[in-house]
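The values are calculated or read from the model by the stated rules, or taken from the named source; none is laboratory data. It should be emphasised that the depicted structure is a prediction, and the values quoted were computed from it without experimental measurement. Cβ: placed from backbone, ideal geometry, glycine included. Neighbour counts: every protein chain shown. Only protein heavy atoms, including side chains, enter the accessible area calculation; ligands, DNA and RNA are left aside. Shrake-Rupley method; radii C 1.70, N 1.55, O 1.52, S 1.80 Å.
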Amino acid sequence: MDRFMWTNGLLEMNETLVIQQRGVRLYDGDEKAKLDVGVVLLSTHRLLWRDQKNHECCICMPLSQIIFFEEQAAGIGKSAKIVIHLHPAPANKEPGPFQQSKFSYIKLSFKEHGQIEFYRRLMEEMTQKRWENTPVSQPISTTAGLKAGRTRAVGIVGIERKLEEKRKETDKNISEAFEDLSKLMEKVSTLSSPSILLTSVTTAKEMVELSKSIASKIKDKQGDITEDETIRFKSYLLSMGIADPVTRETHGSGTHYHMQLARQLGDMLQAPLEERGGMMALTEVYCLVNRARGMELLSPEDLVNACKMFESLKLPLRLRVFDSGVMVVQLQSHNEEEMIASALDNVSEKGSLTAEEFAKLLGLSVLLAKERLLLAEKMGHLCRDDSVEGLRFYPNLF
């Protein structure tokens, strides 16, 4: 721990933040450091740690101080750790929280998981050694007075400059993407137009026309993009998939990751649920979400954990588990009485129905159709005949 020194936590010029993770405790060797749980940050030049409650308590250490590191698996009642072995503290080291230490290594204990991704990113930085190719423009200093003021100003200017460069690059990429769409549309028009592609071609033409309008406004900065254009463009993008899916790399892991994932699912699933009568089996949701996420596939466990947070986040969806164990996602506004009445009306009209026949009538999956019939039976509106021909439901006349 005597390798750490005090810092204001700002990034220097030419320094880039790689990853950060909450809920990390520091160990001086095998002993817990006298610091609370905080946030560990990895940049291209330094390893930083900031107290979660007191943001002024921030320490750092150059990556060049690291000899090697290794993973330490979690145990019963113990969190997973990354053990970092260090060079001796240099003689001219700036002041820090510890003046001396009997250990030549530290441990990062991950209370909220995220250690796998952090280990991978640390491995990349130690392999690339970007701090050697792009040294920071100012030495890291925490001394008071004018020198500290200049360091802070340089850090803020650097961040603003990077944000401006990123914005310009984004505008350029958007414009180029729209131009590529125009070229693609020209190629489509040269092909034969079978009737099966008519709808797709029409939609593509509309999207290209809209993209040209938006691209010209971005380039020439002539007026704002209208609300109607924004809504139409969002609908096209949604049909193509999720542009920026929530991942563990962007949002860490644990509760925060599942909360952000739940919010994204809430925005994405509302329209499909309304089209399907307000309810979808979790298996259907899983397929739909992963189809939209492209390469960033979601695990079944993460999907279930995110869906469990719908109600606590006051989203318009909720996860429901039927008596049979079948899990579904449904709208909060979904009316169960109407669902039961619909099942009773259809069975009464046909005389009797199986789950397969009911599914064809309503355009539902057989699984959900059966659950609706079972729910109507549970409420006393239907009765069953379970024979060698299968399960058939009849109106309950008693």
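Among the candidates Met1, Met13, which residue alone is over 12 Å from Ser109 (Cβ atoms), out of contact with any Cys (no Cβ under 7 Å at 6 or more places or on another chain) and open to solvent by 30 Å² or more (accessible area, probe 1.4 Å)?
Within the list Met1, Met13, the selection yields Met13.
For residues in the range 233-249 being open to solvent by 90 Å² or more (accessible area, probe 1.4 Å) and at pLDDT below 70, which is farthest from Leu362 (Cα to Cα)? Here the residue is Glu249.
Counting only residues that are open to solvent by 70 Å² or more (accessible area, probe 1.4 Å) and in contact (Cβ under 8 Å) with a residue 12 or more places away in the chain, which one in the range 284-307 is farthest from Gln330 (Cα to Cα)? Break it down stepwise before answering.
Keep residues of the range 284-307 that are open to solvent by 70 Å² or more (accessible area, probe 1.4 Å), which gives 286-287, 291, 295-297, 300-301.
Add one more test, that the residue is in contact (Cβ under 8 Å) with a residue 12 or more places away in the chain, and what stays is 286, 291, 296, 300.
On the way: Tyr286: 14, Arg291: 20, Glu296: 24, Pro300: 18 Å.
Here the residue is Glu296.
Being under 19 Å from Gly278 (Cβ atoms), open to solvent by less than 30 Å² (accessible area, probe 1.4 Å) and either modelled with pLDDT of 90 or more or under 32 Å from the mean Cα position of the chain (by Cα) (or both) is the requirement here; does Val366 meet it? In short, no.
Of all residues in the range 327-358, which are among the aliphatic types (A, V, I, L, M) and either under 14 Å from Cys383 (Cα atoms) or modelled with pLDDT of 85 or more (or both)?
Within the range 327-358, the subset among the aliphatic types (A, V, I, L, M) is 327-329, 331, 339-341, 343-344, 347, 353, 355.
Passing the criteria: Met327, Val328, Val329, Leu331, Ile340, Ala341, Ala343, Leu344, Val347, Leu353, Ala355.
Identify the residue in the range 256-303 that is over 27 Å from His113 (Cα atoms) and part of a loop (DSSP other than H, G, I, E, B) and, among all such residues, is farthest from the chain's Cα centre (by Cα). Per the criteria, the residue is Gly277.
Residue selection: Met279 satisfies the criterion of being in the same structural domain as Leu364 (by TED's automatic domain parsing), of a type in the set (A, V, I, L, M) and in contact (Cβ under 8 Å) with a residue 60 or more places away in the chain. Return the pair list, or none, for Cβ contacts closer than 8 Å from residues in the range 68-91 that are more than 15 Å from Leu122 (Cα to Cα) to residues that are assigned to a strand (DSSP E or B) and aromatic (Phe, Trp, Tyr), at least 6 apart or on different chains. Close Cβ pairs satisfying both conditions: Ser79/Phe110; Ala80/Phe110.
Among the residues of the range 348-363, those identified as farther than 14 Å from Arg276 by Cα, open to solvent by 60 Å² or more (accessible area, probe 1.4 Å) and in contact (Cβ under 8 Å) with a residue 12 or more places away in the chain are Ser348, Glu356.
Of all residues in the range 250-261, none satisfies being of a type in the set (Gly, Ala, Ser), closer than 30 Å to Leu17 by Cβ and surrounded by fewer than 17 Cβ atoms within 10 Å (Cβ to Cβ). Total residues in the range 369-384 satisfying the condition of being outside any helix (DSSP H, G or I) and open to solvent by 70 Å² or more (accessible area, probe 1.4 Å): the figure is 3. So Leu269 clears everything in (1) under 23 Å from Val326 (Cα atoms); (2) buried (at least 18 other Cβ atoms within 10 Å of the Cβ); (3) modelled with pLDDT under 85 except one condition, right? Which one? All conditions are met except number (3).
Checking the structure you have, find out if any residue of the range 315-335 is in a helix (DSSP H, G or I), open to solvent by less than 30 Å² (accessible area, probe 1.4 Å) and without any contact (Cβ under 8 Å) to a residue 60 or more places away in the chain. Show your work before the answer.
To start, the set of residues in the range 315-335 that are in a helix (DSSP H, G or I) comprises none.
The answer is no, given that none of the residues of the range 315-335 is in a helix (DSSP H, G or I), open to solvent by less than 30 Å² (accessible area, probe 1.4 Å) and without any contact (Cβ under 8 Å) to a residue 60 or more places away in the chain.
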